[in-house]
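**Q** The following block contains the structure, expressed as structure tokens.
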Amino acid sequence: MNESQPQFNAPYRGRFAPSPTGPLHFGSLLAAFGSWLMARRAHGQWLVRIEDIDPPREIAGAADAQLRTLAAFGLLPDEPVLRQSERGDAYQAALERLLAQGDAFLCHCSRSDHADVGGVHRACVPGASRVDPALRLRVPDGTTVVFEDALQGRIEQDVAREVGDFVLRRADGLWAYQLAVVVDDAAQDISEVVRGADLLDSTPRQILLQQRLGLPTPRYAHLPLVLGDDGRKLSKSSASLPVAEDAPVATLRRAWLALGQNGDALAEAASVADALSSSLRHFDPARIPRDRTLSFTPA
Ligand code: GLU
């Protein structure tokens, strides 16, 4: 059993890392505001990273639109925005290290080869050969990762059994999110990752990669995933609509409430600046709901 302890003491550095697959919706605003509040409360820094490593899923202009929306909400990063599309050399160096250590391997299997076991890869199909093999991390049997999430509590995952050998570079040559996020969180000295609980299941893979790469493990806090007030999936509810920039104070108030905070604190705020400074004075992380999902009406 692999019990992970965060290795950061100070200074606090947080981040918001959207993928440019569309406009920011209420759920992403919650992650942005929540991570900003946690960083500012700790007198730390808050960074923004555009995770544009998947061109087929990218929507033209979405990254700039996301940055504009963040600015309209007063959420301004302390350092220049890092774009993952420019970080290929760093991912390649990490991959080469894993290959040299014997932790990564070329995989010629096709997706259908492991479909009957839920896509969990444990061994390559003998004799498979393709011109565009993927690269995977080898996850030996019994690899279990345990960590303490600041909101979700103790999380344990048998990565070998539940996930299997996972992809680092895809057959189409694109970098996998798991590798890119680990390399960049370390490169940016991120001490605390605050993000949506949809990524909770990815965290053990990320901790495992940090360990294989000799990188520190940040603290993690996974905010509840916002569902519509009818409990429907994000993609089908009003929580998935783009956040409107024309009434940022009202939307910040909604996000504040979704974070479990006392609504009175922002009731009088007349501007974004007012709302943010009042939110910093009254923010109490102990009030954040410790659930994986939250049924909530964004507007
Ligand atoms: N880019 C990922 C997403 O938008 C988030 C990555 C992260 O916060 O670790 O879902």
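The values are calculated or read from the model by the stated rules, or taken from the named source; none is laboratory data. Because the structure is predicted, anything quoted here is derived from the model rather than measured. Counting neighbours? That spans all protein chains shown, and the Cβs are built from the backbone with ideal geometry, glycine included. Keep in mind that these areas ignore ligands, DNA and RNA; they rest on the heavy atoms of the full protein, side chains included. Shrake-Rupley method; radii C 1.70, N 1.55, O 1.52, S 1.80 Å.
**Q** From the list T144, T203, pick out the single residue that is over 18 Å from A17 (Cα atoms) and open to solvent by less than 40 Å² (accessible area, probe 1.4 Å).
**A** Result: T144 is the single residue among T144, T203 that is over 18 Å from A17 (Cα atoms) and open to solvent by less than 40 Å² (accessible area, probe 1.4 Å).
**Q** Do the conditions hold for R161, that is, is it without any contact (Cβ under 8 Å) to a residue 12 or more places away in the chain and surrounded by fewer than 17 Cβ atoms within 10 Å (Cβ to Cβ)?
**A** Judged against the criteria, R161 is not a match.
**Q** Against the definition (in a helix (DSSP H, G or I), out of contact with any strand residue (DSSP E or B) (no Cβ under 7 Å at 6 or more places or on another chain) and either open to solvent by 20 Å² or more (accessible area, probe 1.4 Å) or within 16 Å of the ligand (Cβ to nearest atom) (or both)), how does L29 come out, yes or no? Can you show your working first?
**A** On the way: in a helix (DSSP H, G or I): yes; out of contact with any strand residue (DSSP E or B) (no Cβ under 7 Å at 6 or more places or on another chain): yes; either open to solvent by 20 Å² or more (accessible area, probe 1.4 Å) or within 16 Å of the ligand (Cβ to nearest atom) (or both): yes.
When the stated conditions are applied, L29 passes them.
**Q** Under 8 Å between Cβ atoms, at least 6 apart or on separate chains: pull out the pairs that start in region 106-119 with a residue that is under 13 Å from V131 (Cβ atoms) and end on any residue that is polar (S, T, N, Q) and open to solvent by 60 Å² or more (accessible area, probe 1.4 Å).
**A** Pairs that qualify, where the first residue is under 13 Å from V131 (Cβ atoms) and the partner is polar (S, T, N, Q) and open to solvent by 60 Å² or more (accessible area, probe 1.4 Å), are H108/S129.
**Q** Residues being closer than 28 Å to R290 by Cβ, within 19 Å of the chain's Cα centre (by Cα) and in a strand (DSSP E or B): count how many of those fall in region 148-170.
**A** Counting residues in region 148-170 that are closer than 28 Å to R290 by Cβ, within 19 Å of the chain's Cα centre (by Cα) and in a strand (DSSP E or B) gives 8.
**Q** Here's a follow-up. For residues in region 1-26 being of a type in the set (A, V, I, L, M) and more than 16 Å from the ligand (Cβ to nearest atom), which is farthest from I207 (Cα to Cα)?
**A** A10
**Q** Still on this structure, please answer the following. Of the conditions (1) open to solvent by 10 Å² or more (accessible area, probe 1.4 Å); (2) in contact with a helix residue (DSSP H, G or I) (Cβ under 6 Å, 6 or more places away or on another chain); (3) within 13 Å of the ligand (Cβ to nearest atom); (4) not charged (D, E, K, R), A265 fails just one. Which one is it?
**A** For A265, the exception is condition (3).
**Q** Moving to a separate point now. Check off (1) out of contact with any helix residue (DSSP H, G or I) (no Cβ under 6 Å at 6 or more places or on another chain); (2) more than 19 Å from L199 (Cα to Cα); (3) assigned to a loop (DSSP other than H, G, I, E, B); (4) not hydrophobic (A, V, I, L, M, F, W, C) for G74 and give me the number that stays unchecked.
**A** Unmet for G74, out of (1) out of contact with any helix residue (DSSP H, G or I) (no Cβ under 6 Å at 6 or more places or on another chain); (2) more than 19 Å from L199 (Cα to Cα); (3) assigned to a loop (DSSP other than H, G, I, E, B); (4) not hydrophobic (A, V, I, L, M, F, W, C): (1).
**Q** To continue, here is another question. Please list, ordered by first then second residue, the pairs with beta carbon atoms under 6 Å, 6 or more apart or interchain, first in region 18-30 and closer than 12 Å to L252 by Cα, second assigned to a loop (DSSP other than H, G, I, E, B) and modelled with pLDDT under 95.
**A** F26/V243; F26/P298; L29/V243
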